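What follows is calculated from the coordinates using simple rules that are stated; it is not laboratory data. Everything numeric here is computed off the predicted structure, so don't read it as measured data. As a convention, Cβ positions derive from the backbone with ideal geometry for all residues, glycine included, and neighbour counts pool all protein chains shown.
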Amino acid sequence: MKIAEIFRSLQGEGKNQGKPCLFIRLAGCNLHCRWCDTKYAQEGGTEMSPDAVLEQVWRTNPQYVCITGGEPLLQADELEPLLASLHKRGTKIDIETNGTVDFTNFQPYASICMDIKCPSSGEKSKLELLEKIRAEDSVKFVVYDEADCRYARDVMDAHRIAGEIFFSPVYGSDIPPITRFILSNNLPVRFQVQLHKVIGVK
C-alpha cells in the first residue's frame, strides 16, 4: 500500500478532537478539492506492506489510530487486513473519507467520518452513502461561505443522517457568517474549527 506518512499528533477534527492519535495517511486521491490542505498526499507515497505499517504502529502502541489520506478507501484490499489487525488488538480506529467510495466493509472495524464536498470545493460526494452512516459515525461539511452552508442545509433536509454532523470552516475563511447561518437556521450541527491548525501542530 502507498503511505504518505505515519505520525503522532492531536486529532484536530471530528468526534475525537483533541485526543492523542497516530495518523496513517495513505497516498492517492480521486478528487482535487480547491482547498485541499494535503496536496502532497494526492499521489506518490512510499510502498509499504500492511505488516510493515503494523510494525511501525506497534512501536508506539497507540490507543487511537486515524486512517486518512488522500482517499484511503482507494486501497481497500490492503487496508482491510490492516484494520482487522488493529481492531483485534483493541485499537480505536477512525477513517476519514471523502464520500465517494462505499465504506460499509470497514464499519465493523472503525468509525467513519464522511466528508461531504460542498460547492466551493469544486468536487462532489456520493450523497446516497449518507444512508449508510450509523450513530457511531459522523459527517463533516467543510464550508467556505453561505452558499456552502445552504448546500449543506439542503443535503441535511433531503437525507436521513444518523451520525453527528459537523460544520468546519475552510481555514482562513470568514467565520462569523457561518456561525450566524447555523444559529439562524437552527441547524442540528456542531461547529468546529481545525484545532491542529489553531495550535500549530501537524
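Below, the figures for the structure above:
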{"quantity": "Proximal lysines to Lys2, defined as alpha-carbon separation beneath 18 angstrom and excluding residues fewer than eight positions away on the same chain", "calculated": "Lys39"}
{"quantity": "Contour minus Cα-Cα distance for Glu43 and Arg59 (0.36 nm per residue)", "calculated": "3.1 nm"}
{"quantity": "Extension gain from Gln194 to Arg150, taking 0.36 nm per residue of separation minus the Cα-Cα distance", "calculated": "13.7 nm"}
{"quantity": "Max mean-square fluctuation residue, GNM over the chain, Cα-Cα springs under 10 Å, options Gly45, Gly172, Gly163", "calculated": "Gly172"}
{"quantity": "Cβ-defined net charge surrounding Leu22, 14 Å radius [Lys, Arg +1; Asp, Glu -1]", "calculated": "+3"}
{"quantity": "Asn105/Arg160 FRET efficiency (R0 30 Å; Cβ-Cβ; nearest 0.05)", "calculated": "0.90"}
{"quantity": "Packing rank of 117-123, 193-199, where each peptide gets the mean count of other beta carbons within 10 Å, highest leading", "calculated": "117-123, 193-199"}
{"quantity": "His87 versus Ala135: modelled label distance in nm, points set 7 Å from Cα along the beta carbon direction", "calculated": "1.9"}
{"quantity": "Set of lysines with alpha-carbon distance to Lys126 below 17 Å, sequence-local pairs under 8 removed", "calculated": "Lys117, Lys140"}
